[in-house]
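S.K.: Okay, here's the structure, questions in a sec.
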Amino acid sequence: MALAELVDQCEGVSVLQKSLKNGRLAHAYLLFGPDQTFLEKVALNLAKTLNCNNPVQSENSGLTVDCCDQCDSCRKTDRSNHPDIQFVRPESKLRRISIHKIRELMRTVYLSPLLGAYKVFILAGADRLGPEAANAFLKTLEEPPNGSLLILLTSDPDKVLETIRSRCLRVNIGMGQGVGFSPDQQDWILNFSKIATESKQGLLARYQLLSPLVEWLKKRHELIKKQLEAESPLKLSVELEPAAKERFKKELDAAIEAEYRRERSEQLKLIQWWLRDIWLSCLGNDNASFRFPTAADYTRIVSARISSRQARQNLDQFETTQGLLQTNVQEGLTLEVGLLKLNL
Ligand SMILES: [Zn+2]
């Protein structure tokens with residue numbers, strides 16, 4: 001994928017391309033928008049473009065505007081093993097970006113790029129930087145070394161500390177209709193909305209919604225565990241000291257938990273977006289404003305049987321469920337209650 005493909009989906013991407021074309025790339029960006037996956041996609045494609053070996057150049061300025069999406073560097077980036085492109089994500093049960101991670105990042109930011117022209121640091125969850133980590137980061141954010149770019153991402157820009165926000169160029173990566181969601185995500189919501197409408201309105205119908213969600217979560221958890229275990233130093237054949245082993249084990253558990261929570265939250269956001277479609281439909285908006293146009297028939301069935309007030313309550317209710325899950329509540333029960341309370 002290249003930036004050109006993302007421009008069609010989002011106006012904000014063209015802002016980035018314009019900066020490239022005019023040679024006016026900022027040294028730090030804060031990309032914000034509702035969809036974390038899409039934000040990461042945009043950031044990664046910008047990073048890919050800056051390090052591409054065979055970039056697309058502007059006819060007017062001759063400057064790089066996009067990546068070729070084929071060269072060795074582009075492929076490395078896609079496989080997440082480009083040495084000059086680093087991701088920082090929130091971790092631990094608190095889903096914080098630790099000061100330790102920030103210090104590590106600052107150590108590498110001043111080293112020259114290894115392969116490409118740019119060192120790019122993508123910091124997902126900029127709202128998860130605590131004051132201590134943020135303070136440690138400010139100086140680098142203000143004056144990153146030449147040849148480096150910091151891209152901060154957040155789906156909640158209001159929660160990003162003002163000291164951080166003011167030092168970045170902010171770009172809104174909101175999306176148009178039906179975009180930003182992968183075909184898998186669209187299919188998942190289609191199936192979910194179908195189940196919600198198939199049986200008559202009632203407790204049993206909402207109960208049936210629980211199983212596709214729980215099944216999906218279980219599968220993802222297993223997959224994340226498998227992937228992260230494979231990358232853990234515990235997998236090395238060298239003999240580890242018991243203390244080191246214990247530490248790696250703890251780090252691994254925390255990483256699995258953090259990634260799982262992130263994906264769970266993204267999945268629940270899909271449901272939130274669909275509940276928003278229902279609400280819009282209750283208010284008389286049609287298809288054109290839906291985020292899931294493929295599920296429009298089911299959206300209309302639900303909106304015809306509930307009031308706009310109930311649709312609004314659904315949104316608030318599900319927001320509460322998301323919030324609860326950020327704390328250490330029991331997941332199964334919280335999801336069950338969250339779904340049962342919906343008016344569908
Ligand atoms: Zn390339």
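S.K.: In whole angstrom, how long is each semi-axis of the equivalent ellipsoid of the chain, when you take the square root of 5 times every eigenvalue of its Cα gyration tensor and sort them from largest down?
M.R.: So the equivalent ellipsoid measures 36, 27, 18 Å along its semi-axes.
S.K.: Could you work out [θ]222 nm for the chain from helices alone, using -39500 (n - 2.57) per DSSP H run of at least four and dividing by all its residues? Round to the nearest 500 deg cm²/dmol. Show your work: numbers first, answer last.
M.R.: Details: 13 runs with 191 residues, N = 344.
Calculated mean residue ellipticity at 222 nm is -18000 deg cm²/dmol.
S.K.: Which angle from 0 to 90°, rounded to the nearest 10, does the C-alpha axis of helix 11-21 make with the longest principal axis of the chain?
M.R.: It is inclined by approximately 10 degrees.
S.K.: Here is a further query. Compute the length gained on full extension between Lys225 and Arg309: take 0.36 nm times their separation in residues and subtract their Cα-Cα distance, giving the result in nm to one decimal.
M.R.: That pair, Lys225 and Arg309, stretches by 26.2 nm at full extension.
S.K.: Here is a further query. Could you run the Karplus curve 6.51 cos²θ - 1.76 cosθ + 1.60 with θ = phi - 60° over the stretch 275-285 and give me ³J(HN,Hα) per residue in whole Hz, x for Gly and Pro?
M.R.: So the Karplus estimates, Gly and Pro as x, are 4, 5, 4, 4, 4, 4, 5, 4, 7, x, 7 Hz.
S.K.: Here's another thing I want to ask about it. Hey, how many Å between the Cα centroid of the stretch 269-285 and the Cα centroid of the stretch 89-118?
M.R.: Going from one Cα centre to the other spans 38 Å.
S.K.: Between Asp78 and Glu143, what FRET efficiency comes out of the Förster formula 1/(1 + (r/R0)^6) with R0 = 22 Å and r the beta carbon distance, rounded to 0.05?
M.R.: Calculated value: 0.10.
S.K.: To continue, here is another question. Are there any GluC sites (Glu not before Pro) in the stretch 226-273 that are in a DSSP loop and have at most 11 other Cβ atoms within 10 Å? List them by number.
M.R.: Glu239
S.K.: Taking the Cα atoms only, what angle lies between the long axis of helix 308-326 and the longest principal axis of the chain, rounded to 10 degrees?
M.R.: Taking the Cα atoms of the chain, the angle to 308-326 is about 50 degrees.
S.K.: Taking the alpha-carbon set of the stretch 178-312, what are its Rg and Dmax in Å?
M.R.: Considering the stretch 178-312 through its Cα atoms, Rg and Dmax are 20.1, 65 Å.
S.K.: Additional query: On C-alpha positions alone, give me the angle between the axis of helix 331-340 and the longest principal axis of the chain, in degrees, nearest 10.
M.R.: So the helix axis and the longest Cα principal axis differ by about 50 degrees.
S.K.: For Phe87, what residues show an amide H to amide H distance below 5 Å, using hydrogens built from the backbone and excluding near sequence neighbours?
M.R.: Answer set, sorted by chain and number: Ile122.
S.K.: May I pose another question? Between exposed trypsin sites (Lys or Arg not before Pro) in the chain, where DSSP calls loop and at most 13 other Cβ atoms lie within 10 Å, what's the longest gap?
M.R.: Longest gap between qualifying sites, sites excluded: 201-344.
S.K.: At Lys341 and Glu251, where each label point lies 7 Å from the Cα along Cα→Cβ, what is the point-to-point distance in nanometres?
M.R.: Calculated label separation equals 3.9 nm.
S.K.: Residue by residue through the stretch 140-155, what is 3J(HN,Hα) from phi via Karplus (6.51 cos²θ - 1.76 cosθ + 1.60, θ = phi - 60°)? Round to whole Hz and write x for glycine and proline.
M.R.: 5, 5, 6, 9, x, x, 4, x, 10, 9, 10, 10, 9, 10, 7, 9
S.K.: Which of the GluC sites (Glu not before Pro) found in the stretch 1-80 are loop residues per DSSP with 15 or fewer other Cβ atoms within 10 Å of their Cβ?
M.R.: Those that pass, being in a loop and sparsely packed, are Glu59.
S.K.: Mind listing the phi-derived Karplus ³J(HN,Hα) values for the stretch 107-115, rounded to whole Hz, using 6.51, -1.76 and 1.60 with θ = phi - 60°, and x for any glycine or proline?
M.R.: Karplus-based 3J(HN,Hα) across the stretch 107-115 equals 5, 7, 5, 8, 7, 5, x, 8, 10 Hz.
S.K.: Report the relative contact order of the stretch 3-172, percent, no decimals, based on alpha-carbon pairs under 8 angstrom and at least 6 residues apart. The partial results should precede the final answer.
M.R.: Values: 296 pairs, mean separation 50.3, N = 170.
The normalised contact order for the stretch 3-172 reaches 30 percent.
S.K.: Let me ask you something else. Leu129's amide H: which non-local residues (gap 5+, or another chain) put their own amide H closer than 5 Å, with H modeled 1.01 Å from N in plane and none for Pro or chain starts?
M.R.: Amide H neighbours of Leu129: Ile97.
S.K.: Under the definition of Cα pairs under 8 Å and six or more residues apart, what whole-number percent is the relative contact order of the chain?
M.R.: 18 percent
Read-outs: derived from the displayed coordinates by stated rules, not from any lab. Computed from a predicted model, the values in this text were never measured in an experiment. No Cβ is skipped: glycine too gets one built from the backbone with ideal geometry, and neighbour counts run over all protein chains shown.
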